[in-house]
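Asker: Can you keep this structure in mind? I'll have questions shortly.
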Amino acid sequence: MLATGAAVTSALAQVDREKIYQWINELSSPETRENALLELSKKRESVPDLAPMLWHSCGTIAALLQEIVNIYPSINPATLTAHQSNRVCNALALLQCVASHPETRTAFLAAHIPLFLYPFLHTVSKTRPFEYLRLTSLGVIGALVKTDEQEVINFLLTTEIIPLCLRIMEAGSELSKTVATFILQKILLDDTGLAYICQTYERFSHVAMILGKMVLQLSKEPSARLLKHVVRCYLRLSDNSRAREALRQCLPDQLKDTTFAQVLKDDTTTKRWLAQLVKNLQEGQVTDPRGIPLTPQ
(Lines give C-alpha, C1' and ligand atoms only; values in the text may rest on other atoms or scores of the structure.)
Protein backbone atom coordinates (compact mmCIF):
# COMPACT_ATOMS: atom_id res chain seq x y z
CA MET A 1 0.00 0.00 0.00
CA LEU A 2 2.85 2.38 0.95
CA ALA A 3 4.63 1.59 -2.31
CA THR A 4 1.48 2.38 -4.28
CA GLY A 5 1.13 5.72 -2.43
CA ALA A 6 4.74 6.61 -3.20
CA ALA A 7 4.25 5.72 -6.87
CA VAL A 8 1.15 7.94 -7.09
CA THR A 9 3.02 10.83 -5.42
CA SER A 10 5.95 10.35 -7.81
CA ALA A 11 3.60 10.28 -10.81
CA LEU A 12 1.88 13.48 -9.64
CA ALA A 13 5.26 15.17 -9.11
CA GLN A 14 6.28 14.17 -12.66
CA VAL A 15 3.05 15.59 -14.10
CA ASP A 16 3.64 18.80 -12.14
CA ARG A 17 7.21 18.97 -13.42
CA GLU A 18 6.03 18.50 -17.00
CA LYS A 19 3.68 21.45 -16.47
CA ILE A 20 6.61 23.56 -15.15
CA TYR A 21 8.63 22.74 -18.30
CA GLN A 22 5.63 23.59 -20.46
CA TRP A 23 5.08 26.98 -18.76
CA ILE A 24 8.77 27.85 -19.05
CA ASN A 25 8.60 27.12 -22.78
CA GLU A 26 5.43 29.20 -23.03
CA LEU A 27 7.28 32.25 -21.64
CA SER A 28 9.04 32.59 -25.01
CA SER A 29 5.81 33.22 -26.86
CA PRO A 30 3.97 36.55 -26.32
CA GLU A 31 0.62 34.73 -26.86
CA THR A 32 1.08 32.29 -23.98
CA ARG A 33 3.40 34.33 -21.74
CA GLU A 34 0.85 36.01 -19.46
CA ASN A 35 -0.71 32.76 -18.22
CA ALA A 36 2.73 31.10 -17.90
CA LEU A 37 3.95 34.03 -15.75
CA LEU A 38 0.94 33.67 -13.48
CA GLU A 39 1.26 29.89 -13.08
CA LEU A 40 5.03 29.89 -12.52
CA SER A 41 4.86 32.73 -9.99
CA LYS A 42 2.34 30.64 -8.00
CA LYS A 43 4.70 27.64 -8.03
CA ARG A 44 7.98 29.44 -7.24
CA GLU A 45 7.92 28.48 -3.54
CA SER A 46 7.21 24.80 -4.20
CA VAL A 47 9.81 24.12 -6.92
CA PRO A 48 13.27 24.38 -5.27
CA ASP A 49 15.22 24.36 -8.54
CA LEU A 50 12.95 26.71 -10.48
CA ALA A 51 15.64 29.44 -10.55
CA PRO A 52 18.28 27.36 -12.42
CA MET A 53 15.55 26.09 -14.74
CA LEU A 54 14.55 29.66 -15.60
CA TRP A 55 18.13 30.91 -15.91
CA HIS A 56 19.41 28.11 -18.14
CA SER A 57 16.38 27.72 -20.43
CA CYS A 58 16.65 29.42 -23.80
CA GLY A 59 15.18 32.93 -24.03
CA THR A 60 13.46 32.89 -20.62
CA ILE A 61 15.38 35.73 -18.91
CA ALA A 62 15.12 37.79 -22.11
CA ALA A 63 11.33 37.28 -22.00
CA LEU A 64 11.18 38.41 -18.34
CA LEU A 65 13.26 41.51 -19.15
CA GLN A 66 11.00 42.24 -22.10
CA GLU A 67 8.03 42.24 -19.70
CA ILE A 68 9.86 44.83 -17.55
CA VAL A 69 10.94 47.07 -20.44
CA ASN A 70 7.41 46.96 -21.92
CA ILE A 71 6.16 48.79 -18.79
CA TYR A 72 8.62 51.71 -19.01
CA PRO A 73 6.35 53.83 -21.27
CA SER A 74 3.55 53.54 -18.66
CA ILE A 75 5.76 55.03 -15.94
CA ASN A 76 6.04 58.52 -17.36
CA PRO A 77 3.42 59.77 -17.77
CA ALA A 78 2.03 57.57 -14.97
CA THR A 79 -0.63 55.51 -16.76
CA LEU A 80 0.11 52.05 -15.28
CA THR A 81 -3.06 49.96 -14.88
CA ALA A 82 -3.72 47.26 -12.27
CA HIS A 83 -3.61 44.60 -14.99
CA GLN A 84 -0.20 45.79 -16.27
CA SER A 85 1.12 46.00 -12.72
CA ASN A 86 -0.02 42.47 -11.83
CA ARG A 87 1.53 41.04 -14.99
CA VAL A 88 4.95 42.68 -14.57
CA CYS A 89 4.95 41.80 -10.86
CA ASN A 90 4.60 38.12 -11.79
CA ALA A 91 7.73 38.53 -13.93
CA LEU A 92 9.48 40.30 -11.02
CA ALA A 93 8.51 37.44 -8.68
CA LEU A 94 10.33 35.00 -10.98
CA LEU A 95 13.38 37.30 -11.05
CA GLN A 96 13.29 37.38 -7.24
CA CYS A 97 13.42 33.59 -7.30
CA VAL A 98 16.57 33.77 -9.52
CA ALA A 99 18.09 36.51 -7.31
CA SER A 100 17.79 34.49 -4.12
CA HIS A 101 19.05 31.12 -5.43
CA PRO A 102 22.75 30.41 -4.70
CA GLU A 103 23.28 28.80 -8.13
CA THR A 104 22.01 31.79 -10.12
CA ARG A 105 22.66 34.84 -7.90
CA THR A 106 26.22 35.56 -9.09
CA ALA A 107 25.22 35.39 -12.76
CA PHE A 108 22.14 37.52 -12.01
CA LEU A 109 24.40 40.26 -10.58
CA ALA A 110 27.01 39.91 -13.33
CA ALA A 111 24.24 40.57 -15.88
CA HIS A 112 23.31 43.77 -13.93
CA ILE A 113 19.65 42.71 -13.97
CA PRO A 114 18.74 44.72 -10.82
CA LEU A 115 19.36 47.92 -12.81
CA PHE A 116 16.30 47.14 -14.95
CA LEU A 117 14.19 47.56 -11.78
CA TYR A 118 15.53 50.98 -10.76
CA PRO A 119 13.17 52.97 -13.02
CA PHE A 120 10.30 51.39 -11.02
CA LEU A 121 11.90 52.53 -7.75
CA HIS A 122 12.16 56.08 -9.14
CA THR A 123 8.36 56.33 -9.51
CA VAL A 124 6.42 58.52 -7.08
CA SER A 125 2.76 57.89 -7.98
CA LYS A 126 0.76 56.81 -4.93
CA THR A 127 -1.76 54.69 -6.86
CA ARG A 128 -2.08 51.04 -5.92
CA PRO A 129 -0.55 49.67 -9.18
CA PHE A 130 2.58 51.78 -8.61
CA GLU A 131 2.81 50.90 -4.91
CA TYR A 132 2.60 47.21 -5.80
CA LEU A 133 5.23 47.67 -8.52
CA ARG A 134 7.66 49.44 -6.15
CA LEU A 135 7.09 46.93 -3.36
CA THR A 136 7.68 43.92 -5.63
CA SER A 137 10.81 45.55 -7.11
CA LEU A 138 12.13 46.20 -3.59
CA GLY A 139 11.40 42.54 -2.85
CA VAL A 140 13.92 41.48 -5.52
CA ILE A 141 16.65 43.69 -3.95
CA GLY A 142 15.58 42.51 -0.48
CA ALA A 143 16.03 38.88 -1.57
CA LEU A 144 19.56 39.71 -2.73
CA VAL A 145 20.66 41.41 0.51
CA LYS A 146 19.02 38.75 2.69
CA THR A 147 21.74 36.33 1.57
CA ASP A 148 24.43 38.40 3.40
CA GLU A 149 26.81 37.90 0.48
CA GLN A 150 29.70 40.36 0.07
CA GLU A 151 29.33 40.36 -3.73
CA VAL A 152 25.74 41.63 -3.38
CA ILE A 153 26.78 44.63 -1.25
CA ASN A 154 29.74 45.37 -3.52
CA PHE A 155 27.40 45.40 -6.53
CA LEU A 156 24.72 47.54 -4.88
CA LEU A 157 27.27 50.16 -3.75
CA THR A 158 28.17 50.77 -7.41
CA THR A 159 24.52 51.66 -8.11
CA GLU A 160 22.07 54.30 -6.86
CA ILE A 161 20.20 51.95 -4.51
CA ILE A 162 20.92 53.96 -1.32
CA PRO A 163 19.33 57.25 -2.49
CA LEU A 164 16.44 55.27 -4.03
CA CYS A 165 15.80 53.48 -0.73
CA LEU A 166 16.07 56.74 1.21
CA ARG A 167 13.43 58.36 -0.98
CA ILE A 168 11.04 55.45 -0.46
CA MET A 169 11.81 55.46 3.29
CA GLU A 170 10.71 59.08 3.37
CA ALA A 171 7.61 58.95 1.20
CA GLY A 172 6.52 55.34 0.50
CA SER A 173 3.75 53.21 2.00
CA GLU A 174 4.50 51.58 5.36
CA LEU A 175 5.28 48.23 3.71
CA SER A 176 7.59 49.80 1.08
CA LYS A 177 9.31 51.85 3.80
CA THR A 178 9.88 48.67 5.81
CA VAL A 179 11.53 46.79 2.91
CA ALA A 180 13.60 49.84 1.86
CA THR A 181 14.82 50.30 5.47
CA PHE A 182 15.62 46.57 5.67
CA ILE A 183 17.79 46.93 2.52
CA LEU A 184 19.61 49.93 4.02
CA GLN A 185 20.06 48.01 7.29
CA LYS A 186 21.63 45.06 5.44
CA ILE A 187 24.01 47.41 3.56
CA LEU A 188 25.01 49.06 6.86
CA LEU A 189 25.59 45.71 8.60
CA ASP A 190 28.28 44.98 6.02
CA ASP A 191 31.60 46.64 6.94
CA THR A 192 32.09 47.92 3.38
CA GLY A 193 28.57 49.36 3.37
CA LEU A 194 29.05 51.11 6.73
CA ALA A 195 32.39 52.57 5.61
CA TYR A 196 30.80 53.75 2.33
CA ILE A 197 27.93 55.59 4.04
CA CYS A 198 30.19 57.16 6.68
CA GLN A 199 32.92 58.08 4.16
CA THR A 200 31.52 61.56 3.46
CA TYR A 201 29.45 63.95 5.56
CA GLU A 202 26.92 64.28 2.70
CA ARG A 203 26.17 60.54 2.63
CA PHE A 204 25.92 60.20 6.39
CA SER A 205 23.82 63.35 6.84
CA HIS A 206 21.35 62.24 4.13
CA VAL A 207 20.86 58.88 5.86
CA ALA A 208 20.63 60.50 9.33
CA MET A 209 18.15 63.12 8.09
CA ILE A 210 15.78 60.51 6.60
CA LEU A 211 16.03 58.26 9.68
CA GLY A 212 15.27 61.31 11.86
CA LYS A 213 12.17 62.15 9.79
CA MET A 214 11.04 58.52 10.09
CA VAL A 215 11.37 58.59 13.89
CA LEU A 216 9.25 61.75 14.00
CA GLN A 217 6.63 60.13 11.76
CA LEU A 218 6.69 56.90 13.80
CA SER A 219 6.05 58.87 17.00
CA LYS A 220 2.74 59.95 15.39
CA GLU A 221 1.91 56.71 13.54
CA PRO A 222 3.71 53.85 15.33
CA SER A 223 4.80 50.67 13.55
CA ALA A 224 6.85 48.25 15.65
CA ARG A 225 8.21 46.44 12.60
CA LEU A 226 9.44 49.62 10.88
CA LEU A 227 10.80 51.07 14.13
CA LYS A 228 12.85 47.88 14.66
CA HIS A 229 14.71 48.41 11.35
CA VAL A 230 15.21 52.14 12.02
CA VAL A 231 16.72 51.48 15.47
CA ARG A 232 19.00 48.78 14.02
CA CYS A 233 20.25 51.26 11.39
CA TYR A 234 21.05 53.83 14.09
CA LEU A 235 22.76 51.21 16.26
CA ARG A 236 24.95 50.10 13.36
CA LEU A 237 25.86 53.71 12.49
CA SER A 238 27.01 54.14 16.10
CA ASP A 239 29.72 51.51 15.44
CA ASN A 240 31.54 54.11 13.31
CA SER A 241 33.48 56.65 15.39
CA ARG A 242 32.74 59.65 13.14
CA ALA A 243 29.07 58.76 12.85
CA ARG A 244 28.91 58.25 16.64
CA GLU A 245 30.16 61.80 17.20
CA ALA A 246 27.54 63.19 14.83
CA LEU A 247 24.74 61.10 16.34
CA ARG A 248 25.46 62.56 19.78
CA GLN A 249 24.19 65.83 18.31
CA CYS A 250 21.42 64.63 16.00
CA LEU A 251 19.84 61.48 17.52
CA PRO A 252 16.10 62.25 17.81
CA ASP A 253 14.87 62.90 21.38
CA GLN A 254 12.07 60.37 20.83
CA LEU A 255 14.70 57.58 20.94
CA LYS A 256 16.08 58.89 24.24
CA ASP A 257 12.82 59.36 26.13
CA THR A 258 9.77 57.11 26.66
CA THR A 259 8.00 57.97 23.38
CA PHE A 260 8.18 54.38 22.10
CA ALA A 261 7.91 52.57 25.45
CA GLN A 262 4.38 51.36 24.70
CA VAL A 263 5.18 50.26 21.11
CA LEU A 264 8.23 48.29 22.25
CA LYS A 265 6.85 46.85 25.50
CA ASP A 266 6.84 43.29 24.09
CA ASP A 267 9.85 43.68 21.78
CA THR A 268 12.88 42.81 23.91
CA THR A 269 15.28 42.77 20.93
CA THR A 270 14.56 46.33 19.82
CA LYS A 271 14.57 47.57 23.43
CA ARG A 272 18.01 46.01 23.85
CA TRP A 273 19.25 47.64 20.61
CA LEU A 274 17.92 51.01 21.73
CA ALA A 275 19.61 50.73 25.14
CA GLN A 276 22.87 49.74 23.43
CA LEU A 277 22.59 52.70 21.05
CA VAL A 278 22.17 55.17 23.92
CA LYS A 279 25.06 53.50 25.77
CA ASN A 280 27.31 53.71 22.68
CA LEU A 281 26.63 57.43 22.38
CA GLN A 282 27.37 58.06 26.07
CA GLU A 283 30.66 56.13 26.16
CA GLY A 284 33.80 58.17 25.65
CA GLN A 285 31.87 61.42 25.97
CA VAL A 286 33.67 63.91 28.21
CA THR A 287 31.87 66.84 29.83
CA ASP A 288 33.32 69.97 31.41
CA PRO A 289 32.07 71.17 34.84
CA ARG A 290 29.13 72.96 33.19
CA GLY A 291 27.90 69.68 31.62
CA ILE A 292 28.80 70.70 28.06
CA PRO A 293 29.99 67.73 25.94
CA LEU A 294 33.60 67.96 24.87
CA THR A 295 35.24 65.96 22.10
CA PRO A 296 37.65 63.49 23.69
CA GLN A 297 41.32 64.18 22.87
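Asker: Multiply the residue gap between residue 58 and residue 245 by 0.36 nm, knock off their C-alpha separation, and tell me the result in nm, one decimal place.
Answerer: Working: separation 187, 0.36 × 187 = 67.32 nm, distance 5.40 nm.
The span from residue 58 to residue 245 would gain 61.9 nm if fully extended.
Asker: For the pair residue 224 and residue 147, how long in nm is the line joining their label points, each one 7 Å along Cα→Cβ?
Answerer: It is 3.2 nm.
Asker: Can you tell me the dipole magnitude for the chain around its Cα centre, using point charges on the Cβ only (Lys, Arg +1; Asp, Glu -1), in Debye to the nearest 20?
Answerer: On the way: 31 positive and 29 negative charges, 169 e Å.
With only Lys, Arg, Asp and Glu charged at Cβ, the dipole is about 820 debye.
Asker: Residue 206: accessible area at probe 1.4 Å, nearest 10 Å²?
Answerer: Accessible area, nearest 10 Å²: 70 Å².
Asker: What net charge do the residues around residue 222 carry, taking every other residue with its C-beta under 14 Å from that of residue 222, with Lys and Arg at +1 and Asp and Glu at -1? Write down the numbers at each step before the final one.
Answerer: On the way: positive: 177, 220, 225, 228, 265; negative: 174, 221, 266, 267.
Summing Lys/Arg as +1 and Asp/Glu as -1 gives +1.
Asker: Can you check what the net charge comes to around residue 78, using other residues whose Cβ is under 15 Å from the Cβ of residue 78 (Lys, Arg +1; Asp, Glu -1)? Present the calculation step by step, with values, prior to reporting the outcome.
Answerer: Numbers: positive: 126, 128, 134; negative: 131.
Here the charged neighbours net out to +2.
Asker: Please state, as a whole number in µm²/s, the translational diffusion coefficient that the Stokes-Einstein equation yields for the chain at 10 °C and 1.306 mPa s, with Rh defined as the Kirkwood radius across alpha carbon pairs. Don't skip to the end; give the middle numbers.
Answerer: Details: Rh = 21.4 Å.
So the translational diffusion coefficient is about 74 µm²/s.
Asker: Residue by residue through the range 142-147, what is 3J(HN,Hα) from phi via Karplus (6.51 cos²θ - 1.76 cosθ + 1.60, θ = phi - 60°)? Round to whole Hz and write x for glycine and proline.
Answerer: Along the range 142-147, the couplings run x, 5, 5, 6, 5, 6 Hz.
Asker: Once R0 is set to 45 Å, what does the formula 1/(1 + (r/R0)^6) return for the Cβ-Cβ distance between residue 205 and residue 81, expressed as a FRET efficiency to the nearest 0.05? Intermediate values should be presented prior to the final figure.
Answerer: Details: r = 39 Å, r/R0 = 0.87.
The calculated FRET efficiency here is 0.70.
Asker: Taking all protein chains together and a probe of 1.4 Å, list 257, 148 from the most accessible to the least accessible. Walk me through the intermediate numbers first.
Answerer: Numbers: 257 80, 148 110 Å².
Solvent-accessible surface, decreasing: 148, 257.
Asker: Heavy-atom accessible area per residue, the chain, 1.4 Å probe: how many Å²? Let's see the in-between values first.
Answerer: Numbers: 14950 Å² over 297 residues.
The answer is 50 Å² per residue.
Asker: Probe radius 1.4 Å, ligands and nucleic acids ignored: give me the carbon and sulfur share of the accessible area of the range 47-188 as a rounded percent.
Answerer: Numbers: 3280 of 5530 Å².
The C+S portion of the solvent-accessible surface of the range 47-188 is 59 percent.
Asker: Note down the accessible area of residue 182, probe 1.4 Å, to the nearest 10 Å².
Answerer: Estimated to the nearest 10 Å², residue 182 gives 40 Å².
Asker: Okay, helix-only estimate at 222 nm for the chain: each DSSP H run of n ≥ 4 adds -39500 (n - 2.57), divide by all residues, round to 500 deg cm²/dmol; what do you get?
Answerer: Numbers: 16 runs with 206 residues, N = 297.
It comes out at -22000 deg cm²/dmol, rounded to the nearest 500.
Asker: Here's another thing I want to ask about it. Can you work out the Karplus-derived ³J(HN,Hα) for every residue in the range 226-234? Use 6.51 cos²θ - 1.76 cosθ + 1.60 with θ = phi - 60°, whole Hz, and x for glycine or proline.
Answerer: In residue order, the calculated couplings are 5, 4, 4, 5, 5, 4, 5, 4, 4 Hz.
Asker: Can you give the angle from 0 to 90° between the axis of helix 268-282 and the longest principal axis of the chain, with both taken from C-alpha atoms, to the nearest 10?
Answerer: Helix 268-282 and the main axis of the chain meet at about 40 degrees.
Asker: Please give the length that would be gained between residue 195 and residue 268 if that part of the chain were fully extended, namely 0.36 nm times their separation in residues minus their C-alpha to C-alpha distance (nm, one decimal).
Answerer: Working: separation 73, 0.36 × 73 = 26.28 nm, distance 2.85 nm.
Going from the current span to full extension adds 23.4 nm.
Asker: Turning to a different aspect of this structure: Where a Cα-Cα gap under 29 Å defines reach, which lysines qualify for residue 177, not counting those fewer than 8 residues away within the same chain?
Answerer: Within the straight-line limit of under 29 Å, residue 177 reaches these lysines: 42, 43, 126, 146, 186, 213, 220, 228, 256, 265, 271, 279.
Asker: I would also like to ask the following. Could you sort 225, 203, 134, 248 by their accessible area in this structure, using a 1.4 Å probe and putting the largest first? Please report the intermediate quantities before stating the final value.
Answerer: Numbers: 225 130, 203 80, 134 10, 248 40 Å².
Largest accessible area first, the residues go 225, 203, 248, 134.
Asker: Just by accessible area at a 1.4 angstrom probe, what is the order of 105, 128, 167 from largest to smallest?
Answerer: 128, 167, 105
The values are calculated or read from the model by the stated rules, or taken from the named source; none is laboratory data. Computed from a predicted structure; not experimentally measured. All Cβ positions, glycine included, derive from the backbone under ideal geometry; neighbour counts span all protein chains shown. All accessible areas refer to the heavy atoms of the entire protein, side chains included, with ligands and DNA or RNA removed. Shrake-Rupley method; radii C 1.70, N 1.55, O 1.52, S 1.80 Å.
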